[in-house]
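Heads up: the structure comes next, in structure tokens.
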Amino acid sequence: MYLSNEMALSFPAKSANEGFARVSVAAFAAQLDPTVEELAEIKTVVSEAVTNAIVHGYKETTGIVHIKAKLYSDSFAGKIVITVRDSGEGIKDIKQALEPCFTTGADDRAGMGFTIMQSFTDKFRVTSSLGKGTTVLMEKTIVRRS
């Protein structure tokens, strides 16, 4: 596969920008001609990652959320690689954070964000450093149907 296109997006960590992020990445991913279901999964993982950055990464502070997306293609398939990064407080225990239903948020948080991201992507990785932030990397392959 070869790199066919890439984008970068940065915006204030405000809940109002979550929809902007998911629609922007989905529009970019549309170049791979995904199914409606694949596009919905891409929107969902971006939404979950951005929401985590806003709610858990920055909590009571403000900051910037950064998204990079790269498209790779060949004649058989395409792949989107999405990176969502914040410079917030970081994750103390990544293994624990990846457990379904674990949350450091308020009682209204289900703790399923990472689980959803893992289930809707082919490759998923979280790196984090306390006081420096968190990066979520997700890859999804889109098989060509024509």
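Values quoted throughout were computed directly from the atomic coordinates according to the rules given, and no laboratory measurement underlies them. This is a predicted model, so every value here is computed, not measured. Cβ coordinates were reconstructed from backbone atoms using ideal geometry, including for glycine residues, and neighbour counts include every protein chain displayed.
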Open item on the list: I'd like the FRET efficiency for residue 130 and residue 23, computed as 1/(1 + (r/R0)^6) with the beta carbon distance as r and R0 of 30 Å, rounded to 0.05.
Closed with: 0.40
- [ ] Pop a pseudo-label 7 angstrom from the Cα along the beta-carbon direction at both residue 94 and residue 31 and give the gap in nm to one decimal.
- [x] 2.8
Task: Debye, to nearest 20: dipole size of region 1-129, +1 on Lys, Arg Cβ, -1 on Asp, Glu Cβ - done: 320
Open item on the list: Taking 2.2 N^0.38 Å as the expected size of a compact globular protein, what ratio does the Cα radius of gyration of region 17-146 give against it, to two decimals?
Closed with: 1.05
Open item on the list: Give me the one-decimal nm value for the distance between modelled label points at residue 2 and residue 141, 7 Å along each residue's Cα-to-Cβ direction.
Closed with: 2.0
Open item on the list: Under the 0.36 nm per residue contour assumption, what length would be gained going from the current alpha-carbon distance of residue 64 and residue 16 to full extension?
Closed with: 16.0 nm
TODO: State the Kirkwood hydrodynamic radius of region 1-67 in Å, one decimal place, computed from all pairs of distinct Cα atoms.
DONE: 12.6
